[in-house]
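K.L.:
Quick one: this structure, given as structure tokens, is what I'll be asking you about.
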Amino acid sequence: MASEKYITSGCTISNNTVYKNGEIIFESRGTDVQSFLLSVYKHFEINYSRFYKMDNLCKLGWLASEILLKDDFKTVNYKPEEIGLILSNANSSLDTDQKYLASVRDIPSPSLFVYTLPNLVTGEICIRNNFKGEDAFFVFESFNAEFIERYVSNLLDNNNLQACICGWVELLESEYKAALFLVEKVKKENAVTFTAANMNNLFEDKSKSPEVYIAGVGVITATGNNVAECLASFEKEEAGIGEITMMNTVHRNELPVAEVKLTNKKLVEMTGLPKDISRTTLLSLVAAREALDDAAIPGLSSLRTGFVSANTVGGMDRSEAFFIDFIADNSKGKLRNVFDHECGSVTEAVADQLGITDYMTTISTACSSSANAIFYGARLIKNNVLDVVVAGGAEALTKFTLNGFNTLMILDKEFCKPFDENRRGLNLGEGAGYVVLVSEKVAKTLNDPLYCKLSGYNNSNDAYHQTASSPDGTGSYLAMTRALEKSGLHPSDIDYINLHGTGTPNNDSAEGTAVKRVFDPHYPPMSSTKSFTGHTLGASGGIEAVFSVLAIRHGIVYPNLRFETKMNELPFAPETRFLKDQKIKNVMSNSFGFGGNCTSLIFSEI
Amino acid sequence: MSAVYIISDDILSPIGVTTAENFGQLKNGVSGVKQHHNKAIADQPFYAALFNNSSFIGDDKYTVFEQLLIASINEALQKTSLNVADKKTALIISSTKGNISLLETETASTALKKRIAMPTSAKLVSDYFGFVNQPIVVSNACISGIMAIITGMRLIRSGQYENVVVAGADLISKFILSGFQSFQAISPNPCKPFDINRDGITLGEGAATVILSARQNNTRDIKVMGGAVSNDANHISAPSRTGEELSMAIKKTLAEANVESDAVNFISAHGTATVYNDEMEAKAITLAGLQNVPINSLKGYYGHTLGAAGLIESIISIQSLKENIIIPTLGFDELGVSTPINVCKELHLGDYKNCLKTASGFGGCNAAVLFSKQ
């Protein structure tokens, strides 16, 4: 009774992309589900007026069946009752159920109600093709290839059917995926044997979220003006923290900071930017340009490129210069000094210099800003909105932030000691750090090896206090565990943690508790590179992402400077030595900010 | 093909909590259909067969829908010594809308969507009893219940499982009633299947369970002989104009069961009492050469119980075979379909061996299954 059965055609639609037999045959730019489905309909020049009446679930499944059957399927080879459909999904017709229920409050819509059954998808495909054989709709938590294989095989072996379309059609709000397989008893060109494994291969390959790779890095901090200088400082264990030399403040000789060792004049010479521009813009351009040069992407101008940059106080340094004159006499003060005050102005000026015009945006979520910029950039690539994104952040030291943190009484008058029992607070720093994120497609065109990929990320809120972390580190715990979940990694897979580790009693206690909850009892090496660079606020996530990427590239672990005494409440201590020749496959980078905004990124070896 | 036995069953409906109670009520002509004034469901009074209570196992960890399934499965299991934890035992759940009423009463959230998803209910029910295999959910409009029996039959015949517990349930909420009303499909009175004055359906709530097995438990066990499903390929909500596709499913079923059409003793029809459904069914029955066979619809007693209908009506048919009684079609008075079929108006007694059960639903789907006495 059992005969050979083949998948003679396969069609997958997900992530704005249509695949036929594993090959991409149509891609669309980032758009909503409704418009995407319409663009598929139009692209394949299908003319079927019923399409416009269908709900989104039916549109999706019906389009997949059209593409599945086009080209070489001949309906005339079978009698109508010999062709059937066995489909499945997880959420039944919930997408339309919600829309129908919304209509009930006004006038219940019969045209929506009819689609509140999942098997309407099979009905629509039957109507279109005059298929009259068995059709069934099953609901499983996830695609159950084994069940479908057995069920369809049974129908074909017992001659209930001679051909069957089977698979998965799921759509709920903006999430959707269709994977249909045509199963026949005759072998055709490119056919594969009908097995659960072969269905899963076709299903999985296209269902996994597209990878986002790191192709370039750039950084400027108090420890160095570029990647090479920063790496050298780590190896020499030389912190960039010292007395205030550039800012004109009453706190000189009283509060140590980590200044970039270049004056504005020097930075203007290096970048070619106008002399009155914000120091934040200057730092941003230096690091972003280094990153983009490092990535050396062939044909960049023909790719969809974006700049996602973070900072917390924009051109505040220039606004402060304006206010000295303005406060004395409110008819005075150079207005060009406030021109760059808002955060977005920095991004715009740098994007102009980089020649990036497709997309730019600014993220400002306190100390997690640039970590958020990086994973937002990654999502723009995953969703096929962009091909390349320069993502990270920049921050210059200002009186505004120095005085602000001072009033919060979380600045250390000595050099900071992250994760030490006797830590007293943080040192502010300045700098910029950017990574160049590229899509799978762009990655294939590069001449230089990729650094790694961004395998996991998450942003969660601590929901506890505006400027203090919860004792249990709820937000940090959620960010770390969910980023791990996203990456598909276990805590034991992490080879190094670049801690947020500001050196304040509160942060290190909360972060340490969260680390304990996630990693106990096996702790990977970890350190806070803020012991070198100070806390660069809106730039810190970007700078530390660069360090995390470099840890994988060079197999290194950075020391946590000035650590002496293990915290009583924690069973672990940070790494104090510069470690070389390590096998670093996966690095977690933490960035937690005021407002309870907690982000963890995970970078992984390719 | 190997035999598939129905070793236990249960109906949990507004008129009874066991199969025996339900069948007794039907023999006495008792209907669950009543007029309801329930503002939570509709502004105007409406006829339906609804439960009075909203708790069936007294554990609010489970929704009413899940409690119905659990209570019905529990009752069916008590009559057997089946080991649900055996890896050769599977669970199939049939429903059209499951927990959809939560969408009306709870605040929308990701967690709520997960709670409404039918695999969540299936898992809860499965875990309650300790089934070890992943439950299978069938959601195929109004043929769901029969589809679930056919699926169970096939899973046993293919050798994958030895026992399959098939349970179905649906509840009536504003969502469902307003939808059928928007179609002008609800009768203002209790429904009148196949009658000349029929003017629409009456909805109902219920749950039912059958336990299928490769092994006979009792010499009285009824066998599932065959089943088939077809599609009209005509219209998403209106039935076929010819009845050809349902007749195709009937013919395939008889062929698979190896039973001639003249050996069919009675038919338990879908008989929703809409003008078009009953007309289509009459045509299909005639096309299959079964126009003289006694036929009934049970919608006058239970209303249309959607995902549970195929199961409830199959169990009544099974009981009819066991007791040699055909239940009359409540609400039917004068034949109102264009092809003359033999609609049962009174209770029939006889020697019945084979019963055909059919159903049709939105999406153009049709199903038939044949039950036989040994």
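The values are calculated or read from the model by the stated rules, or taken from the named source; none is laboratory data. Keep in mind that this is a model prediction, so the values were computed, not measured. Methodologically, a virtual Cβ is constructed for each residue, glycine included, from the backbone with ideal geometry; neighbour enumeration extends over all protein chains shown.
K.L.:
Please find, within the stretch B:321-374, the residue that is nearest to B:ASN231 (Cα to Cα) out of those that are surrounded by 20 or more Cβ atoms within 10 Å (Cβ to Cβ) and hydroxyl-bearing (Ser, Thr, Tyr).
P.N.:
Filtering first and then ranking leaves B:SER360.
K.L.:
Does the stretch A:203-220 contain any residue that is closer than 29 Å to B:MET1 by Cα and not aromatic (Phe, Trp, Tyr)?
P.N.:
no
K.L.:
Looking only at residues in the stretch A:327-343 that are within 42 Å of the chain's Cα centre (by Cα) and not in a loop (DSSP other than H, G, I, E, B), which one is modelled with the highest pLDDT?
P.N.:
A:CYS343
K.L.:
I'd like to verify a number: residues in the stretch A:170-191 that are within 25 Å of A:TYR100 (Cβ to Cβ) and either within 22 Å of the chain's Cα centre (by Cα) or loosely packed, with under 13 Cβ neighbours inside 10 Å (or both), how many?
P.N.:
Selection size over the stretch A:170-191: 6.
K.L.:
Conditions first: (1) within 25 Å of A:SER142 (Cα to Cα); (2) within 13 Å of another protein chain (Cβ to nearest Cβ); (3) in contact with a Gly (Cβ under 8 Å, 6 or more places away or on another chain). A:PRO80 passes all but one, so which condition is the exception?
P.N.:
Answer for A:PRO80: the failing condition is (1).
K.L.:
Hey, another quick one. Scanning the stretch A:101-125 for residues that are buried (at least 24 other Cβ atoms within 10 Å of the Cβ), within 7 Å of chain B (Cβ to nearest Cβ) and touching a Gly at 6+ places or on another chain (Cβ under 7 Å), which turns out farthest from A:ALA136 (Cα to Cα)?
P.N.:
Out of the qualifying residues, it is A:PHE113.
K.L.:
Take residues that are under 25 Å from A:LYS580 (Cβ atoms) and touching a Lys or Arg at 6+ places or on another chain (Cβ under 9 Å) and tell me which of the helices (runs of 4 or more DSSP H) falling wholly in the stretch A:482-566 contain 3 or more.
P.N.:
Filter on the stretch A:482-566 gives A:540-554.
K.L.:
Next up: Looking at A:LEU63, A:LEU94, A:LEU85, which is the one that is at pLDDT 95 or above, within 10 Å of another protein chain (Cβ to nearest Cβ) and more than 29 Å from the chain's Cα centre (by Cα)?
P.N.:
None of the other options fit; the residue is A:LEU85.
K.L.:
While we're here: Suppose the filter is surrounded by fewer than 24 Cβ atoms within 10 Å (Cβ to Cβ) and either under 19 Å from the mean Cα position of the chain (by Cα) or more than 14 Å from every other protein chain (Cβ to nearest Cβ) (or both); does B:ARG241 pass it?
P.N.:
no
K.L.:
Counting only residues that are surrounded by fewer than 17 Cβ atoms within 10 Å (Cβ to Cβ), at the interface with another protein chain (Cβ under 10 Å from one of its Cβ atoms) and not hydrophobic (A, V, I, L, M, F, W, C), how many does the stretch B:90-109 have?
P.N.:
Matching residues across the stretch B:90-109 total 1.
K.L.:
Would you please list the contacts, defined by Cβ atoms under 9 Å and residues six or more apart or on different chains, that run from a residue in the stretch A:549-573 that is in the same structural domain as A:ASN506 (by TED's automatic domain parsing) and free of Cβ contacts under 8 Å to residues at least 40 places away in the same chain to a residue that is surrounded by 18 or more Cβ atoms within 10 Å (Cβ to Cβ) and among the β-branched types (Val, Ile, Thr)?
P.N.:
Pairs that qualify, where the first residue is in the same structural domain as A:ASN506 (by TED's automatic domain parsing) and free of Cβ contacts under 8 Å to residues at least 40 places away in the same chain and the partner is surrounded by 18 or more Cβ atoms within 10 Å (Cβ to Cβ) and among the β-branched types (Val, Ile, Thr), are A:GLY555/A:ILE584.
K.L.:
Evaluate the stretch B:46-58: report whether one residue or more is at pLDDT below 95, in a loop (DSSP other than H, G, I, E, B), within 14 Å of chain A (Cβ to nearest Cβ) and out of contact with any Ser or Thr (no Cβ under 7 Å at 6 or more places or on another chain).
P.N.:
no
K.L.:
Right, another one. B:GLY168: under 30 Å from A:LEU156 (Cα atoms) and crowded, with 22+ Cβ neighbours inside 10 Å, yes or no?
P.N.:
yes
One line per residue, one yes/no per condition, for (1) closer than 15 Å to A:LYS20 by Cβ; (2) assigned by TED's automatic domain parsing to the domain that holds A:PHE375; (3) without any contact (Cβ under 8 Å) to a residue 60 or more places away in the chain; (4) outside any strand (DSSP E or B):
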| site | (1), (2), (3), (4) |
| --- | --- |
| A:ASN160 | no, no, no, yes |
| A:CYS166 | no, no, no, no |
| A:GLU170 | no, no, no, no |
| A:LEU182 | yes, no, no, no |
| A:LYS188 | yes, no, no, yes |
| A:ALA197 | no, no, yes, yes |
| A:ASN200 | no, no, yes, yes |
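K.L.:
Considering only the stretch B:22-44, how many residues are of a type outside the set (D, E, K, R) and surrounded by fewer than 12 Cβ atoms within 10 Å (Cβ to Cβ)?
P.N.:
Of the residues in that region, 5 qualify.
K.L.:
In the stretch A:363-378, how many are under 20 Å from A:SER439 (Cβ atoms) and either modelled with pLDDT under 95 or touching a His at 6+ places or on another chain (Cβ under 9 Å) (or both)?
P.N.:
0
K.L.:
Would you mind stating whether B:GLN184 is under 30 Å from B:VAL64 (Cβ atoms) and either within 12 Å of chain A (Cβ to nearest Cβ) or touching a residue at least 60 places away in the same chain (Cβ under 8 Å) (or both)?
P.N.:
Yes: the conditions hold for B:GLN184.
K.L.:
Further, regarding this structure: For A:ASN158, work out the one condition from (1) buried (at least 17 other Cβ atoms within 10 Å of the Cβ); (2) modelled with pLDDT under 95; (3) not aliphatic (A, V, I, L, M) it doesn't fulfil.
P.N.:
Only one criterion is unmet by A:ASN158, namely (1).
K.L.:
So for the stretch A:405-425 (the condition being hydroxyl-bearing (Ser, Thr, Tyr), under 21 Å from A:SER364 (Cα atoms) and in the same structural domain as A:ARG279 (by TED's automatic domain parsing)), does at least one residue qualify?
P.N.:
no
K.L.:
Run B:PRO135 past the list (1) of a type outside the set (Val, Ile, Thr); (2) within 11 Å of chain A (Cβ to nearest Cβ); (3) closer than 15 Å to B:VAL369 by Cα and report the number of the one that doesn't hold.
P.N.:
Just one mismatch for B:PRO135, condition (3).
K.L.:
Within the stretch A:558-589, track down each residue that is surrounded by fewer than 24 Cβ atoms within 10 Å (Cβ to Cβ) and closer than 19 Å to A:VAL219 by Cα.
P.N.:
Correct list: A:PRO559 only.
K.L.:
Applying the selection to the stretch B:205-237, what residues are more than 10 Å from chain A (Cβ to nearest Cβ) and in a loop (DSSP other than H, G, I, E, B)?
P.N.:
Correct list: B:GLU205, B:ALA214, B:ARG215, B:GLN216, B:ASN217, B:ASN218, B:THR219, B:ARG220, B:ASP221.
The rows are residues; the columns are (1) surrounded by fewer than 16 Cβ atoms within 10 Å (Cβ to Cβ); (2) hydroxyl-bearing (Ser, Thr, Tyr); (3) in contact with a Leu (Cβ under 7 Å, 6 or more places away or on another chain).
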residue	(1), (2), (3)
A:CYS416	no, no, yes
A:GLU430	no, no, yes
A:LYS453	no, no, no
A:GLY475	no, no, no
A:LEU478	no, no, no
A:GLY488	yes, no, no
A:PRO491	no, no, yes
A:ASN506	no, no, no
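K.L.:
Condition first: closer than 25 Å to B:SER213 by Cα and within 10 Å of chain A (Cβ to nearest Cβ). Can you find one or more residues in the stretch B:161-168 that meet it?
P.N.:
Scanning the stretch B:161-168, I find no residue that is closer than 25 Å to B:SER213 by Cα and within 10 Å of chain A (Cβ to nearest Cβ), so the answer is no.
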